[in-house]
Structure formats: structure tokens, C-alpha cells
Amino acid sequence: MAATKKAAAETDEKVSGKVEKKTSGKAATKAAGKTAVADAHAESRQRERLDLKAVALKWQARWQKDAIFRTEDPLTSKKKTYYCLEMFPYPSGYLHMGHVRNYSLGDVYARFKRMNGFNVLYPMGYDSFGLPAENAAIKHRKDPHEWTERNIHGIKTQQQLMGLSYDWSRKLATSHPDYYKWNQWFFLKLLEKGLAYKRKGAVNWCPDCNTVLANEQVVDGKCWRHPETEVESRDLEQWYFKITQYADELLADTEKLTGWPERVRTMQRNWIGRSEGTIITFKVKSSDLTLETFTTRPDTAFGITYTVIAAEHPAIERLLEGLPKQKREEVRKFIKETKKRSVIDRTAEGKEKNGVFLGRWAINPLTGEEFPLWVADYALAEYGTGMVMAVPAHDQRDFEFAKKYGLPIKVVISPDAYTLNPEKMARAYAEDGVLVNSGEFDGTKNQEAMDLITAKLEKMGAGRKAVNYKLRDWLVSRQRYWGTPIPVVYCGKCGTVPVPEKDLPVKLPEGADFQAGGNPLTTVKGFVDVQCPRCGKPARRETDTMDTFVDSSWYFLRYCDPHDAKQPFDKEAAGKFMPVDQYIGGIEHAVLHLLYARFFTKALRDLGLVDVDEPFTRLLTLGMVTKDGAKMSKSLGNVVDPGAIIDKYGPDTARLFILFAALPEKELEWSDQGVEASYRFLCKVAGLLDDVDATSGQTKHDAYVRSKLHTAIKRATDEFDSFRFSVAIQHLMELANTLASYKEQRPNRALYYEAVDALLLLLSPVAPHLSEELWERRGHEGYASVAAWPTHDDKLIDEKAEAAYQAVESLKADIRTVLALAKIGQPKRITLFLADGWKYSFAGRMKELLAETSDAKAVIAALMGSPLKQHGQELMKLVPAIMKDRSKLPAILLTKHEEQAQYAAFADDLAKEFGCAVSIEDAEKSAEQKAKQSFPGKPAILVA
RNA sequence: GCGGGGGUAGCGAAGUGGUCAAACGCGACAGACUCAAGAUCUGUUCCCUUAGUGGGUUCGAGGGUUCGAAUCCCUUCCCCCGCACCA
């Protein structure tokens, strides 16, 4: 911090009042040798450059000194609040372009909202627990605390250098005890509510992380942190959060998230994976065991010819009881081999399905038929009941399996057009049809049979309607050190005992042995060995820590009240800010963080801690930053270091380029020329403040410039508001270009500077430092960054003035009128013969007509949505009215058009209206000739 | 297979019924300045024509609706992303 201030002070002097170009030292280089000349040229180029980095440092220091970006207390501020938030970073120690993009976007919006009178909450913090710190600890034998703090400092320094307008007083870091204490507190609350629980089961294990993973953290069977590492399956006792309890609400509320990208909503829906169906209960023959299966196709239940259960199904051992030893071993061998195979191997599409007969039979409650039970690798223990009823005639997977093992195929749904022959079927018939071989349901349409059969099963006590989800409970425990300790103690007598609230936080101990392998926390004796909070006897502390996604599931609430020592956050303060109005981050969190945070918000709501159902109203997912068509990555060597760009061009240039190059959601291709162009634009804006030869009188361009100014304000404001910054910047460029040429034409002084000032403010969110600098040079008090946003006046937007700017007004107006006329008759061409021998020709295009007066627009309005034929007559009357005040035309020539018989009547109208000659000709050439002959030296109009 | 998003001038990228041959930027070309290069400024940049506020053909392809389509509808091709042996 101090270092930044000092640097700013040093540069302050360098900068002040010297933003404009300096002349090159050409003369000095003349006598020098070749290399020296080149050097000198390079140097002079350098000296010509605007030093935008120095400008930035100067203003960053001032902003900080005056704390102008401090959020007002929401309980006393009269302003409306606006909560703008970027996904907080993991402090890996350096900023990459993706960060720069993310923060630039958020900062522009925060600044825009602030200038528009909102009390903006725009905070920054660090998601500072996690494996990289621990790995660094192992590698460098350093404490993860130290590594993390150093990185936070590093990344914060870079963020400040970008000029981001965070309220730094709200900074938080999840690895600080005053933060993670509340993770523990929430854990206890969820435990009380039954929303946190511990159970044993098959879990994903990453051998690289040496810890378990949540389902969401397994991508294509690999660890999300280690894309090379296949996840293993292990049977372990772990802590879970009961996110499935909210599955329905999480799914239903995706409908409310209209401010989210469609694909994120879809991804969440897919992930939750709700499907409606029926659970059917089967009795196992010669046993008192029953088995349940979930199906979405109860209509095919009469066609069951076998079932398969997953290798991990808990009932298998009991099913094997009493079977011949040989059979038992055969099945166990199959199960063992299946479990050994990797997740990928087992779940890849198109894999051949394998199975083994279990030696048992079950009974179809609907038919009384017996069918064999199989164990198969295509049944997933994690989905449904872990058992699939197989109807090979109507399910492709079952069909393939049945064919492979010679199991029977029974058709129960018949297509309308033909009959299925089970012997000859090449594939399953999965479409709709009518039930056959289904007892009392024969002849029923299968869609209708679904409910009927479910009802029958229900009546028999052999089934029920059910909803099934793909979503699993969130596995939150991790066998790692650098995370929030789970606040639980295991006592031989009392069992699992929560740590009392008064003993929170359970702090991460120092002195863990990171070289030992396994969870370093287990090596800290004083941490593990505790007294039972309940009975006082020696007990063992839980050494698992929480998934870092717990940290990020509520940090947006902590920002609302970041220093509260008594509670995670003040409900009233949170109520003022929440939900987050605009959230910005990467698409990679489409299900992970965004789903967890939604769950957490709902759970906290049910704990009475917040009043909102959803945490994020609008979500913006960033596109990637690429270079040479590929994502920037170290391995490809196409990484552009933001620090280097900022050093060379200043933060404003970096921000401008990255905002201008693409719309936020789109991929952004890095371009060095684009950066140069952005820099040039900023220089151009600075140049507007150079000396101007202005007048106090009016100029002929004033109306045009004023109109341009107000158009730019209007459009840019709209575009900023709707997060289309690149388009907003285009409008600023247009305005700057207009002003640059206006400046050369002895502009009206007041108007010129009015426009320049507005431009500076409009530019301020994008290039805040330069705007401040120029704002100051213009002699304004106060900061541009917090000045009021410019407003436009529709009355001053004069498109005609804008259009007339480059034309000879009177002639043009007449020509346009003619065009309007011409349009009515749908001619191909209109030619205007002028008295001086000039001839103008036009295509009859509606755009020209629209360029006409507001009356012409009324004509179009009347025309819209209706066939011309019907309105032709009406239009014939309207158009002359428009022309009423036009200069008298001596003659109008019309050429005949097959489909335009109404020309004759029209011609008469025109003749009366304008008191001029109108003649209708067959062909263009003859018309032209006739015009010259009949009206020598006079203007005429030819409509062809 | 299911679901989502796209295909616009040499490139990036706006434009979702009418001032659209299509903003803005890059690149390219020409001119000014310069001994020259760079930087800067001006103009041009789909094709033809040009004295032009001219003509022609465009917005993946084909068809349709409309007075009018890059924009709406249908068909089709291609690309990207997510999920996927989910019973």
C-alpha cells in the first residue's frame, strides 16, 4: 500500500499538465550514425507517448486518499443500492487476462451505476483456502498462511493498479478465522437442521489431491483440478450437505432466473436431472427379500424379462445367501472386477454391457411371471434405486444386453402401422404405441397406460409414483489441511459431538507436517486430541476440512457486513443489498459454485438469516480470452501478461481494449494492434483539450454537433446499462471523431467544451484515470469518477441536422420528397433533370423515404402491415400533402409501369397539387428526350 | 441421442422488419507530412460504372411471408458448448 502511494507521489510531478504530445528531437539525431539514429527515433517515439501509467498512479493515490469509492451505510443512505459483484479470485499470486476482463467489466458497471446516483456495493475478496497453497507448502516447505498472504498482497496490488473502484474496506479472505468461523457456525446450524450429516458410501477419490471430491468436481471421470487424473471410487464415511432436499426448489427456481444466460440455467436443470416415474417393488422368489426399481416407463412393465442391479447394490450379499458356492464366487468375481474398472471405463458411451446371472429370480407383480436377476455394469448404484427393470423390446440398452446373453424379449407396445416380431427385431422399439400382451391394459395407448399401471401397482401395494433426481448430496469433507476445520469431536462415549458455538472458531493449528503425506492435520497432536465438549473425556477431533466451495457459498453475504464479530452478517444490512444485482464470472462455475451458492442461500433463508430465495439476480458469464485462436495458456506459450500491457500502455488502455474488443459474453481474441488502436483513441481524446481556435458565435455545424452529442449520450447510456460496452465505446469513438473535426472548424466554444466534458464523463467508467486527468485540466472541481452522469435531451437530437450536415439542404429536401413520391408507385428509378443540365437518379428505397420529415413517417405508419393495394388510394392523398410546401416543380414525368395503372390518377393529382406539367411515358429514354424537348432549361422529374 | 448457442464484408465485431452496401476497430490501398522509415492526419476499401446523392449483387444454403427481410417462418448444411449406458 505504502509503496503505491510513494510511486504515485513521484509520478505526480512528471504528469501534471503534460499529457499532450511532445515534439521529437529530430534535429539532434541528424548527425548521428545509423544505429544511433534508430535508437533516437525509438526514443522520440517513446517520448511522444502519453504516459498513461503515470496518470493512473497519480489518480489512484488521490482516490485512495479521499476514499471516494466507499459504499455508504445502507441503513442511512438515501440512495438506492446496487450490488455489483465479480466472482472472487483464488489468490494464485498473479493476475491473468481473464481476471482483467472480469474486473474491468464489473468496474465499468459499478462506476456507471455510481455516477447514476446509486449507492454501489462493489467489493473484492479472496477465496484463499484451497489446494494450491497446500501444495506450495509441501513443495517449498513454507507455511500455507504465509504463501497465501503474500499472494493476496500481490494480486491486490495488481487490482489496484488497474484502477478498480472497490470499496477496499470490505475486503475479506476466506482463510481468515474471522471468516471461516462462520463456515463452522453454519455447519453446526445445518447439522442441527439435519441438513448436514455423515454417512458411509462410495465416493470419488482423487489420488492427486489425496482427498474425496463432490460429484460436481468430477469432470469426465477426472478430477476438476487434475484433468489428467482419473477419479477412483472408494468406500468412505464422509460429511454431506443435504442439497437434494432443495432439488425441487433449485429446479423450479431456475425459471425465476431470467437474468441468467439460458445455457447456465439449462446446465443446472440437466445437473439436477429430475425425472418422474414409478417405483416398482418385486418379491424375490424363495426369499422374504424385496427389491425396488425406478422406471420412467411403467407402461412397459408387462414386458419385463429380467432385471439388472448395480455391482454396488447393498442387497447383493443377502441375495447370494444360500446359493451354491460356485455361483456366489462367480458373482463376487464379476463384482470385484467391475468395481476395479475406472469410472470412465464403466460409463463411457457405447461400452459393451457386461453382466452375470445372480442365481435368483424375482416376480413381476403385474403378471406373476418370474424373471432372472442379473448383476450388470450398466446399472448405476448412484442413480434411482440401483436396479433397472429390463424391457428389452422397448429399451435399447436392455435390448443389447438381452441379445448378448440370450435373454427373452417380450413385446408389449405395438406401433400402429405394423407388428413387432421379437425374433426379428434389430433394435428396441422405444416410441409410442398401443399396449399388447399386457392383460387388462391391452389396447390402451401407452402414454395413458403409464398412470393406469402405476395406479394398479399402487393399489396392489407393489409400487408408487416417484420423482428421481440425478443430483446427489454435496460431499463437503476433505482430507486436506488448508480449509475450514469441521467443528465436530468424536467421543467414545458420546459419539459425534458438535463443537459448542462459544468455542468457535476451531482454528487451523500451526506446525502441521506437510511432508508426511495424507492429511497434515492428523499430525498435529494438540489439535486431534481434545476433551469431549459434552463429557470431558478424551476424544478425537475431526481432522477433515470443508470443501472450499463452502467458503464461496455465502461470501456475497459477508460483504454486506464484513466486520461483524457477533454474527455472519447483519440481516438488515444484507436485506438492503441482497440479492446481488449483477454477478460476473466464468462459465466454469455454471453448476459448481452457482448451484452451491443457490442452495446455501435457500438453506440460510430457512434458518431465518436472509430473506431472499435466490442470491444472484443477473448473471454474466464471461467469454474466454484467446490469442491466435486458442485459450491463453502457459503450455501454448500464448499468454499475454496484463502487467506488461499496463506498464507499457497504462491501465486505461488495457481496460479500453478488453472492453472494446468483444461483447462480454463472447470470446475475446487478443490483438496487439487492437491495443494500439485503443491507445490511439485515448490520445485522440486527450488531444481534444489542446488549444482550440474557437468562436463565441454560432457556427453552421452547431446543430449537427449538438445532435451528435445528445445521440451519443443517449445511445452510450443505453449500451452501458445493458452491458454492451463495446457498442457504447463505438458511440464514444464516433463522438470523439465528430469533435475532432469540429475542433478544426472554428467551433463554438461553449458547445465544444460542453461536448468534451460530456465525453470525458461518458468515458470515465472505461478509462477512469485519463478522464480524471482531463477533467481536472478542464478546470472542474471534484472527481469525474463520482460526477453525475450526463443526460441527453431528445429535442436536441435532430437527425435531419445530422443528415443535412454533409449535403446541400434545399436540393436534398426536394429530392427526398420526390423519393417519397416515387416510393408510393414502386418505381424502379427516379431521375431528376435539373435546369443546369445535371441529372440525378435514385433507386426508390424506403430508407430514403424515412429520411424525410415526420410526416413521411406517418405515411409509413399508415402503410405498415397492410398491403399497398388497399392503402394505395389513401397514400395518394397523403403524399401530396407532404409536398405542399415544396417549391413549385415545373414538370413531372412518369413512365408507365405495367402494374401501376394508378399512375394516371396520381399524375392528375400531382398536376393539380403542384401546378406543373405531368406526363407519362413508356420508356426511360423517350421520357428523357421528351423532358429535354418539352421543358428546355427547366427541371423535370422522371419516375420509371 | 438430448439440451443450449452460433454462422454478417479480407479479419474481429455491431445490426433482430423500413434513413442498411451494413456502425466501430484492425488490416489493405492512395494522398499529405518526411531525404527516408515510424508516428500522425486525410480519403478509399463487395462488384461495375462514374460528372454523380448512379447501377448490380450481398449477411452459411434453398424456399416462403411482406409493399419491404441480414432481421419473421419452413427446410437444409456447418461450427461451438453442456449433459449423456440416468433406467
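Averaging Cα coordinates gives a centre for region A:635-701 and one for region A:220-248; these two points are 45 Å apart. Our coupling estimate for region A:614-623, obtained by passing each phi through the Karplus curve with A = 6.51, B = -1.76, C = 1.60 and θ = phi - 60°, is 10, x, 10, 6, 10, 10, 10, 9, 6, x Hz, Gly and Pro reported as x.
Debye-formula intensities of region A:139-236, expressed as log10 I(q)/I(0) at q = 0.11, 0.24 Å⁻¹, are -0.60, -1.10 (one equal scatterer per alpha-carbon, no solvent).
Give the shape of region A:322-417 as rounded, prolate or oblate, defined through the alpha-carbon gyration tensor: a ≥ b ≥ c are the square roots of its eigenvalues, a/c under 1.5 means rounded, and otherwise the shape is prolate if a/b is larger than b/c and oblate if not. Oblate. With the largest listed first and rounded to whole Å, the semi-axes of the equivalent ellipsoid of region A:686-763 from the Cα gyration tensor are 23, 12, 9. Taking a 19 Å limit on the Cα-Cα distance, which of the listed pairs A:LYS200/A:LYS339; A:LYS285/A:LYS340; A:LYS627/A:LYS666; A:LYS189/A:LYS470 fall beyond it? Beyond 19 Å between Cα atoms: A:LYS285/A:LYS340; A:LYS189/A:LYS470. A simple rule links phi to the HN-Hα coupling: the Karplus curve 6.51 cos²θ - 1.76 cosθ + 1.60 with θ = phi - 60°, which for region A:117-132 gives x, 8, 8, 8, 9, 9, x, 9, x, 9, 8, 9, 8, x, 5, x Hz, with x for Gly and Pro. Each part reduced to its alpha carbon centroid, region A:554-624 and region A:366-393 end up 42 Å apart. Dividing the mean sequence gap of close Cα pairs (under 8 Å, 6+ apart) by how many residues region A:201-310 holds gives a relative contact order of 15 percent. Cβ-Cβ distance of A:ARG397 and A:GLU337, R₀ of 25 Å, FRET efficiency by 1/(1 + (r/R0)^6): the value works out to about 0.80. Radius of gyration (Cα atoms) of region A:81-186, expressed as a multiple of 2.2 N^0.38 Å: 1.17. Across region A:266-308, the mean sequence separation of Cα contacts (distance under 8 Å, 6 or more residues apart), normalised by length, yields a relative contact order of 32 percent. Neighbours of A:ARG605 by Cβ distance under 9 Å: Lys/Arg scored +1, Asp/Glu scored -1, total -2. By definition, a body whose alpha carbon gyration tensor gives a ≥ b ≥ c is oblate when a/c is 1.5 or more and a/b is not larger than b/c, and region A:362-406 fits this oblate description. Alpha-carbon geometry of region A:332-479: the Rg and the Dmax are 17.6, 60 Å, given in that order.
Remark on A:GLY125: its backbone amide H falls under 5 Å from those of A:LEU172, a criterion applied only to residues 5 or more positions apart or on other chains, H modelled at 1.01 Å from N.
So how strong a dipole does region A:536-654 carry about its Cα centre when Lys and Arg Cβ are +1 and Asp and Glu Cβ are -1, to the nearest 20 debye?
320 debye
For A:LEU796, put the label point 7 Å out on the Cα→Cβ axis and report which residues of region A:714-729 keep their amide N under 11 Å from it. Output list for this probe position: A:714.
Between A:VAL434, A:THR367, A:THR385, the Cα set farthest toward the positive side of the dipole of region A:346-441 (charges on each charged residue's Cβ, about the Cα centre) is that of A:THR385. The orientation-averaged shadow of the Cα convex hull for region A:639-774, equal to a quarter of the hull surface, comes to 8.3 nm². With R₀ set to 56 Å, the beta-carbon distance separating A:SER722 from A:GLU423 gives a calculated FRET efficiency near 0.35.
Each of the peptides A:769-777, A:714-722, A:363-371, A:420-428 was scored by the mean count of other Cβ atoms within 10 Å over its residues; in descending order, highest first, they stand as A:769-777, A:714-722, A:363-371, A:420-428. Neighbours of A:GLU669 by Cβ distance under 9 Å: Lys/Arg scored +1, Asp/Glu scored -1, total -1.
For q values of 0.20, 0.31 Å⁻¹, compute log₁₀ I(q)/I(0) with the Debye formula on a Cα-only model of region A:554-594, without solvent. The calculated log intensity ratios at q = 0.20, 0.31 Å⁻¹ are -0.67, -1.03. The Cα center of region A:290-336 and the Cα center of region A:703-749 differ in position by 73 Å. Given their separation in residues at 0.36 nm each and the Cα-Cα distance between them, A:GLU228 and A:ASP691 gain 160.5 nm when the chain is fully extended. Judged by the ratio a/c of the largest to the smallest principal axis of the C-alpha gyration tensor, region A:443-520 counts as prolate, that ratio being 1.5 or greater while a/b is larger than b/c. Taking Lys and Arg as +1 and Asp and Glu as -1, the other residues whose beta-carbon sits under 9 Å from that of A:ASN468 total +1. Across all Cα pairs in region A:198-278, the calculated P(r) in 5 Å bins from zero up to the longest distance comes to 3, 13, 18, 16, 18, 17, 10, 4, 0 percent per bin.
For the listed peptides A:379-392, A:321-334, a ranking on the average number of other beta carbons within 10 Å per residue, highest first, reads A:379-392, A:321-334. A protection proxy built from the mean count of other Cβ atoms within 10 Å ranks the segments A:632-638, A:437-443, most packed first, as A:437-443, A:632-638.
Once both labels are positioned 7 Å from their Cα atoms along Cα-to-Cβ, the gap between A:LYS200 and A:SER77 label points is 5.4 nm.
Each reported figure results from applying straightforward, stated rules to the coordinates on display, with no laboratory input. The structure displayed is predicted, hence computed values, not measured ones. All Cβ positions, glycine included, derive from the backbone under ideal geometry; neighbour counts span all protein chains shown.
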